[in-house]
1. Nearest 5 is fine: what % of DSSP beta bridges in the chain come out antiparallel, could you say?
2. Report relative contact order for the range 42-98 in percent, whole number only (criteria: Cα-Cα under 8 Å, sequence separation at least 6).
3. Return the subset of Lys92/Lys423; Lys46/Lys92; Lys363/Lys409; Lys46/Lys215 for which the Cα-Cα distance in this structure is over 20 Å, preserving the input order.
4. Name the trypsin sites (Lys or Arg not before Pro) in the range 103-210 that are in a loop by DSSP and that have at most 13 other C-beta atoms within 10 Å, would you?
5. Could you work out the relative contact order of the chain, using alpha carbon pairs under 8 angstrom and six or more residues apart, expressed as a whole percent?
6. Of the peptides 254-267, 427-440, 326-339, 125-138, how do they stack up when ordered by the mean number of other Cβ atoms within 10 Å, highest first?
7. What whole number of Å gives the distance from the Cα centroid of the range 54-99 to the Cα centroid of the range 281-314?
8. What relative contact order, as a whole-number percentage, does the range 211-258 give when Cα pairs under 8 Å and 6 or more residues apart are counted?
Amino acid sequence: MRVRRFVSALVLGAAVSASLALPVNAQRPSIPAGDYAARRQALMEKAGDGLIVLFAEVDAPAGGRFVQDNDFYYLTGSNDAGAILVMVPRTKASYLFLQVKTPREEMMDGRNLLGDPKGAQAMGVTAIHPVSYFDEFVARTMAAAGPALRLRLSPRDSLDNARSETALFAGRRARTPYNDQLPLDQYRVARLRERYPQAVLADIAPIVDEMRAIKTPAEIEVLRRNARASAEAVKQAMLATRPGAYEYEGEAAAMHVVLRNGGLGAAYAPIVGSGPNTCILHYAENSRRIEAGDLVLMDFGGQMDHLAMDITRTWPASGRFSPEQRAVYERVLAVLEACLEAYRPGATAEDVRRHVAEVMTRKGLEQGPELRGGFGHGVGLSTHDVPFGPVLREGMVFAIEPGLYFAEKNIGVRIEDTVLITKDGCEVLTRDVPKKVEEIEALLASR
């Protein structure tokens, strides 16, 4: 299986290279350093007093590229493992605490900015100190800063899981008593509470979430570029998946496009399900051989500068939808298109559902409770990003993903776009992937 996957990736890579429409060999997109400083200043203005403390991730998962803690990265742009950020709202000062690396660590992983005389200036912080100075610094500073220690008391989110999902998975782990241990964030909170009993602990996450919900112009440009690359990635996967191919060949084709266009990889485990696997919502084995007459469902998005993208498309492996497949597909598509028509600043989920119901009635299509429409989930530093509130505002980015699943018929259809709320409507960031039946069948006919 591993040999087959490797060979398929090489063959698909060569084929995709010849057909890419996107620019390659360009510098990876990034958020300007000044944006991180502006975010810290805005957060300190909102927080009021005390100290704001955020911790970085400790290390990389086995076999994977290091992915920084979302909140820490949002406020620093730093990929230093084990770092700590302290902000002092009363003085508007920010301090970064970094690990002291041994010569061998520097040889293996490179240097950090600790000891660099221009390091603080490069990061836009007041000073950079070793992490060993953190507790002494807090003790020295707290009396003048105010008694509040503003930490993340809410669950963390990750590149592919929302805060609520992180808490859910921790609860699932705790089903077995041998896995029932405090998450790292809760351990840190307990240690700080023990060390500074005079402090008043407060959750900084709601303020950070409020800021993260509205994307900055620089974030929007990275998301647009990610959307173009991710859309091309899904198109190439559509061309690579036909009867006799394996699901993972679609994944290989998509990953090649994202990496070649400056992405850091997938924002979440790619889903490429065919036949019965289209009805498993989080299927990630991607190992089945695709058969004639199958539908193929792909849920995929790239990661660029820590910002995610989210797209789902469903298509017929043989090139044309059967009448039954098409009927299901067009119901799902009608809901998605109606949602997009209704998205605008000031709209509520109920406004969108009302419009969806009107469209489905006008088209004579069965709706059902599973196709009500509304809002989806936020997209940003996390694929399931921070909550964005009951009313749409300009600068919000989220994904909408209606679907219908009939396991007894091996028909699962999901269509998903990521959208940006603009001044007077919405911009479909992932619009470059075909989703109308005729467009899909025309693309597949070009194979």
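1. 80 percent
2. Numbers: 89 pairs, mean separation 23.0, N = 57.
Relative contact order for the range 42-98 comes out at 40 percent.
3. In this structure, Lys92/Lys423; Lys363/Lys409 exceed 20 Å between Cα atoms.
4. Qualifying residues, ordered by number: Arg111, Lys118, Arg175.
5. Values: 889 pairs, mean separation 67.3, N = 447.
Value for the chain: 15 percent.
6. Ranked from most to least packed, the peptides come out as 254-267, 326-339, 427-440, 125-138.
7. 31 Å
8. Values: 31 pairs, mean separation 18.1, N = 48.
Once divided by the residue count of the range 211-258, the mean separation gives 38 percent.
The values are calculated or read from the model by the stated rules, or taken from the named source; none is laboratory data. Computed from a predicted structure; not experimentally measured. A quick note on method: Cβ atoms are made from the backbone with ideal geometry, for glycine too, and the neighbour counts reach across all protein chains shown. SASA here: full protein model, heavy atoms, side chains in, ligands and nucleic acids out. Shrake-Rupley method; radii C 1.70, N 1.55, O 1.52, S 1.80 Å.
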